[in-house]
Structures are given as structure tokens and as C-alpha cells.
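Bear in mind these aren't lab numbers, they're just calculated from the coordinates by the rules spelled out. The model shown is predicted, which means the values in this text are computed figures rather than measured ones. Cβ sites come from the backbone with ideal geometry, for glycine too, and all protein chains shown count toward neighbours.
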4 protein chains.
Amino acid sequence: MRQKKPDKRKVQGAETKKKLYEIAERLFREHSYSDVMIEDITDEAGITKGAFYVHFESKDALIALLIADHTSRADTIYKAFLETLPPDMPAPNVLLALTERITEVLTGSFGCDNMKKVYQMMLAGTVDTEAVKNYNRELYVLFHGVLERGIRKGELKSTMPVEALVRHFVAAFRGISYEWCIRYPDFDLKEQAAQHVRLLIEGIQPR
Amino acid sequence: MRQKKPDKRKVQGAETKKKLYEIAERLFREHSYSDVMIEDITDEAGITKGAFYVHFESKDALIALLIADHTSRADTIYKAFLETLPPDMPAPNVLLALTERITEVLTGSFGCDNMKKVYQMMLAGTVDTEAVKNYNRELYVLFHGVLERGIRKGELKSTMPVEALVRHFVAAFRGISYEWCIRYPDFDLKEQAAQHVRLLIEGIQPR
Amino acid sequence: MRQKKPDKRKVQGAETKKKLYEIAERLFREHSYSDVMIEDITDEAGITKGAFYVHFESKDALIALLIADHTSRADTIYKAFLETLPPDMPAPNVLLALTERITEVLTGSFGCDNMKKVYQMMLAGTVDTEAVKNYNRELYVLFHGVLERGIRKGELKSTMPVEALVRHFVAAFRGISYEWCIRYPDFDLKEQAAQHVRLLIEGIQPR
Amino acid sequence: MRQKKPDKRKVQGAETKKKLYEIAERLFREHSYSDVMIEDITDEAGITKGAFYVHFESKDALIALLIADHTSRADTIYKAFLETLPPDMPAPNVLLALTERITEVLTGSFGCDNMKKVYQMMLAGTVDTEAVKNYNRELYVLFHGVLERGIRKGELKSTMPVEALVRHFVAAFRGISYEWCIRYPDFDLKEQAAQHVRLLIEGIQPR
DNA sequence: CATGAATGAGCCTTCATTCAT
DNA sequence: TATGAATGAAGGCTCATTCAT
């Protein structure tokens, strides 16, 4: 017995952390990062400012965590989406379908606003955005799988290593998304991204 | 003599003010209000912080001016739009058409982001948002014209004064827009606004 | 039975306290008091912050204890030193010898840095420095013995009570030491203290 | 005329900055860096906390500046000292003399305390200590001159490039100084440094 | 005895604003 | 008009301390 001492304090601590996370997520969705004060979050959670720092290293760290979670969630969506496609779908079609799904996620659930914030933060360097930039990110893995299979099956060709190709694809996405951010709303991400991917594919398709 | 010296100083002053205005407009479009510092604006304009206050009373005053200008521009669009409609179009149709146009402006050129900022500011009260709230705003006048004519022609009816009716309409718009802001992007402003206006019309239409 | 259970808890507690004490002593020697955090001490001791307060009332209390211990150790050194002097050594010589020994301890093992901290704390009043200031401190007793014997033997004379004389001597030491602290390293404590004591002695020596 | 508008404000600004610098220098000499608050400095200067940041980027930046200035001053002393030595003095003797001078400066005017702070800061990385670490620091240049001349004249020999040799020498000094800091006052910097340099010289002297 | 979540006073820093020049 | 030193109200963060477990 006494096998699983729940330790009320630890449980409450975890609850507090979760509460802070959720309040922050909502507030950051409704207002800009800089408009949300730590005290706004802690006041709503019914604790003091200091307690915030028991659970999160800093405001930036919390934002970074939020971004990382969103990123990971998006990647999970992309992965699940790829698994629904027929296994024999040609790689170019898969790429276009994935492109559409990604732009849907970005323009849909994620939103240009969050995208802007993330892009600003990546530029500012004040917040850890490794989750977005890291080459081990699932997104890179997914692209790698698609491109690698396409090349193997002769549907695609490339003179450069698949790893490099993958990075070029993601970089292109980043470029298009950036344009979207700075030209929003005068920029059709979905259409522009589709066009761009088509261009990339045609450039690497065997004649 | 010396009657109309072009007064280079004055000209340059106006130019500086215009420059500040335009830089501010762009920066505020690209970043959140609180992320843009006065120095960001003046640095880009090549002048010092102090000079900003020669041209604008405060940061909030500039934001208020920006909002007022945007509002006025939007109202001008609505007015012009109404003038393109056939004079004999029934009031309900005019209202629905105007609704569509407004939501187009809001979702299109103005954007949810600015809308949020404006709504936040109206709530915060730190910035003068009279241009948006004032009952003499052109938007109220336009609605007044449509409703008044509709009632006069028997296409609409109402037990309350047209002035009050107008305010109810604008309030309804405000409510729908607010929902749009806080539920964005999971809220179809255009569709929801159309539905709401239809409800309002049916509720006040003679059988 | 169970008469003298070694009470492992108590033993371990004492060990933990000793460990904390020693770690604190070292850290305070290597860094300034305010740079050392409770967590630095407890982390190194392998316990948590809360446990610190089981053993010490506060950070200041620990510092006070450290100071008191150092003070007491110094006084023990002075006492032992006095006992090594020939019993018939004239009081003026004893005073000069004691002076030299004290300045040796201060400039040697104790150090100007700790001295400064102690003096700051006495001024700040946030830490209990009774051990240093208290007139019952061994240092006062020692001076009292020397002065009293000197007077009794006719080697010294004074119009004021020995108690007052003792306090003047210690105050003089305090003054010289303070000068040392704020002028360090441009102040030769040993030389200045010797000079000062010589002055005090000559002023109270019978012609 | 109007050739040199002194611009009272600019002058006063410079004076304020100088005042802050001097007050800071004194306070940092008398207390530890973390015990000195910006407000202590600005209060004494008769200005507000905010004004501090008009003149210095941050507390750390001020400390870095102080360190850089001290470093540069020390290097100037070393350089001047070298120039007083007879031009025909053998390199080993020059090295020993320079060593003695350096340890005099460190143990004398600079002090172990400041040294500790600098070493702590170099480790902590919160403060810019480039002035101390940079390989272009005058100290490296001086050692380079001595070693290079010694090798050229056959008084020294080395299998490694002079640049590397210089770095080894400075690193050795750093090591010895570090020992001094952590073992202070039970470590005779002067003696230990002399011994160490003698060892280094014997290791590189031609037989 | 020990834990660690929570507190709250206090410090560093930012930035809109003022004002003497 | 323009300058830039100075102000002061916040906001982010730290850390000694408390207390329920």
C-alpha cells in the first residue's frame, strides 16, 4: 500500500501550471504578446506574479513553449493527413496536397497573426524558436519521406541529396509564408504556395 | 510685401508630419501598437523623439487619428457604394447589400487585427475613439437614410424613432464584429452578419 | 530500554546543519553575501530551500552566526596570545603587542572584505551583529584586564573608569579599522593602528 | 563666429555621465556589484533612475566599461614600465620584471576583490569582458614584443609560433591569478607568479 | 526533517512624455 | 521646428521566506 501517494501539492502545482498555460494561450490569442502582462495571467489564475516563475522560466519561455506546442500539433496534423493519402498517389500530387493542407492550417487554425509573431520572434531572437527552425522538426521528416520515395520511384529526380532538397522546400515555404505575413491580406497564401510548389516540382521532374 | 512667403519651415513641417503619419501607419499595420515605439517611427523618419511631439500630441493621439482616418475612409466607401445602388432597390435589399459591403471592408482592407485593436482601445479608454463611436459618424447617417426611406416607402416599419433604430442596427453590427474579433478565425463575419441583418429585417418587416 | 537511542534523525539533522554551515562559510568567502543565494547553498548540500529554514532562522541569522563564530574565534586567538606574553611585560608593550596581533588577524585570516561586510551590516542593521558590538565581548574583557592591571601597577593612569577607557580603546580600533575598510588598500592598518595606540598610550602615560 | 556653440545641454549631459561614472566607480570599489543599485548611483548624482539609461545601456554595460577602463589603464602601466627597462636587458629578466610589475598592480591598485569580480563575470558571461579576454589586448602585444625579441636575440627559443607562446603566457598568468582569487589570502601571487614564470622560461631557454 | 508551491518586496529596465536650449 | 537629457510610471524578473503536506 501507499503505492501511489498522489501528493496533493504536486497535483495542485501541475494544475496551476496548466491553468497558467491555458489562460496564457487564450490571452495571447486575443491580444498581442506584449500587451499581455504576466500579472494579467496570474491575476486571472488567482496567484501572484512570483508564482508564475515557479512554473515557467520567463514570459518568453512560455511563449516559446506555446509556439513549440502549436508547431508540434501542426506537424501531427500534417503527418496524419499524409497517412490518409492513397499509397500509390504520385509524389507531385502528394506534395501539392500537403501544400494545400499546410496552407489550410496556416491560414485556418494557426492564423497569420500567430505566424507573424513567430516570424518576428525568430528574427528578434529573444524567444527560443528552435521548435520551428530545427531541422529535426517532423515537418522536415515528412517532406523527406515524400521526396525520397518520389525519387526512388522515379517520379522525381534531383542532383542534390534529399536532405538538401528538403531544406530547400521548407525554405521556400518559409519565404512564401513570410510574404504572406508582410503582405497580408493582399496575398493568397494557398494559391501562391501551390504555384510555387508546382514550380519546384516541374524543376525537378524527369522529362 | 512678404505677404505670402511660402514659409519653407511650414512646408517642411507638414512634410515631416506626413512622413511620420505614413511610417506610423505602416509600422502599426506590421506590428502591434504597443510594439511600435515612438523612436521606431522617428528613427525611420530621421528625426528625434522630441520632434514627434511637435506634430502629434501623443502616441495615442496619433493612433486615434489613424483610426479616425480609417473610419472616415470606410464610411466614404459605404456612402459611395450606396450611391451605386439603383434608387428603387427595396430597403431590405439595400441593407443586405450594405452589410455585405461593410463586412467586405472589415474582413478585407481593414482586417480583424485592426478591428481588434480598435475594440481593445474602445474598451481600454486610453485612446480617443470618438470617430468610431460618435453617433454623428457617417455610418449612422447612412443607415439612417436607408431606414428612414424604407419606412417612408412602407418597405419597413418600426415603432421606435428612426434614430433609435439606427443605433440598434449599428450596435448589432458592433456585436457581430466583436464576436468576429474574439472568435477569429472561427467566425464567418460575412455570413453571420448577413444572417443577423436578415433577422433584424424580418423582425421589422410588415407582413 | 530505548534509553539512548542515537536518534538517527537528530544526528542527520546536525550533519545537515554542519554541512550547510560549511558550504555557506566557503561560498561567503568566495562571493559577496548578496551574491550567494540560499539555493546555492542548499543545492550544493543536496537538499531543498525549505530545509534550510529548519536549521537556520534566516539568511541573515546564518550570516550573523558566521560573524559571531569568527569574532569568537578571533577573541580566542587574542586571549591565547595574551597568555603567551611574560606576566611582567609592561602594559604599554602588551597593548602594542595585542594591537599588532589584532591587525595581523584582521589583515590576515579575517580580511578586509569580511570586515567591510561586517561593518556594512552593522550600519545596515538588517543583521544581528551583537557578537561584534556587545560590550561583554571577550575583546572588551581582555582590554579591560590589561588596562586595569597596568593602572594598578602604576604603568598607566586614567581619570576615567577602566570600563570607559576600554570602550575608548575599542572605539579607536573600530575607527582605524573603518578607515582601513574605506581606504583599502591605501591604508596600512598595522602601521596606523600601532601609531594610534602609541598616541593613546602616551596620552595616558604618567610622566 | 558661432564657431563652437558649446550647447549647454550637451555639456551638462557629459557632466552627468562623468558624475555617474565616478560615483559608480567609488561605490563599486566600496561594495559588491550586486549590492550597488542603480538608484544608489542616481540618487547620489541627483537624477532619476531612468536618466541612467540615457548615458549607459545597462548596469552590466557600465561595469563592463569600468573593467575595460581599468584594464586599459593597467596595460598602459605595463607598457610604460617596459619602456623604462634598459634596452639590453635579457628577455628572461624582462619577463620576470614584467611579472613582478603585473602582480604589483594586481595586488596593489587593482586588488583581489576586483579581480574576483572580473573573473566571476567572465565566467557568468552576463557582462561584456572582451577588453580583458581579447587577444588584441595590449597585454598580449607587450608579451609578444618581449618574447619575439628574446627569440630573435637567441635568449629564448620556442618550437611554437610566438603568437601561441604569448597566449600560453597570458593563460598561465590567468591561471595563477585565478588561484590567487580562490585561495586569497593564502596565496602569494607575487611569489607564485615569479616561480611560474621562471618555470616557463627555463622550459624555453636554450641550453 | 524535508519538500516545493506560493508569496511579495524590491531591483533592473523600458518607454511615452516633458522641457530647456 | 528640432534636439536630447531627464522624468516617472510600469513591467519583467529575482529571491528570501512561509507553509501545507
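Between identical copies, the spacing of B:R29 label points, each set 7 Å from Cα toward the C-beta atom, reads 2.8, 5.8, 6.7 nm from nearest to farthest.
Roughly how tilted is helix D:8-30, in degrees to the nearest 10 and between 0 and 90, from the longest Cα axis of chain D? Its long axis makes an angle of about 60 degrees. Taking label points 7 Å from Cα along the Cα-to-Cβ direction, A:K18 and D:E104 give a separation of 7.1 nm.
Of the residues D:L20, C:L85, the one with the fewest other Cβ atoms within 10 Å heads the list, and the complete ranking is C:L85, D:L20. Amide H contacts under 5 Å for B:F187: none, restricted to partners 5 or more places along the chain or on a different chain, H placed in the peptide plane at 1.01 Å from N. For the rotation that carries chain B onto chain D, the axis lies closest to a Cβ at B:G50, 4, where the number is the distance in whole Å. Relative to the Cα centre, the charge distribution of the protein assembly as shown, modelled as +1 at Lys and Arg Cβ and -1 at Asp and Glu Cβ, gives a dipole magnitude of about 200 debye. Protection proxy ranking for C:47-54, B:135-142, using the average of other Cβ atoms within 10 Å per residue and placing the highest first: B:135-142, C:47-54.
Give me the net charge of A:V141's neighbourhood, meaning all other residues with Cβ under 14 Å from the Cβ of A:V141; Lys, Arg count +1, Asp, Glu -1.
Every neighbour counted, the sum reads -1.
Shown for C:V11, B:V36: other C-beta atoms within 10 Å of each C-beta, ranked fewest to most, produce the order C:V11, B:V36. Relative to the dominant Cα principal axis of chain B, helix B:111-124 is inclined by about 80°. Shielding by partners for peptide D:31-41, expressed as the average number of C-beta atoms from other protein chains within 10 Å of each residue's C-beta, is 3. Counting charges near B:D128 (Lys, Arg +1; Asp, Glu -1) among other residues having Cβ under 11 Å from its Cβ returns a value of -2.
Structural descriptor for the stretch A:58-204: relative contact order 32 percent, calculated from alpha carbon pairs under 8 angstrom and at least 6 residues apart.
Plainly put, the tip 7 Å out from Cα toward Cβ on D:L85 is 4.7, 7.3, 9.6 nm from that tip on each other copy, the closest given first. Straight-line cross-link partners of C:K116 among the aspartates and glutamates, defined as a Cα under 13 Å from its Cα and at least 8 positions apart when in the same chain: C:E179, D:E30, D:D35, D:D113.
Between the helical axis of B:59-84 and the longest alpha-carbon principal axis of chain B there is an angle of about 40 degrees.
Are any of the pairs A:K18/A:K117; A:K133/D:K117; D:K18/D:K133 more than 28 Å apart by Cα-Cα distance, and if so, which? From the list (A:K18/A:K117; A:K133/D:K117; D:K18/D:K133), the Cα-Cα distance tops 28 Å for A:K133/D:K117.
Its residues counted as N, the stretch A:58-204 yields a C-alpha radius of gyration over 2.2 N^0.38 Å of 1.05. What separates the B:Y53 label point from its copies, with the point 7 Å along Cα to Cβ, is 1.7, 3.3, 4.6 nm, written shortest first.
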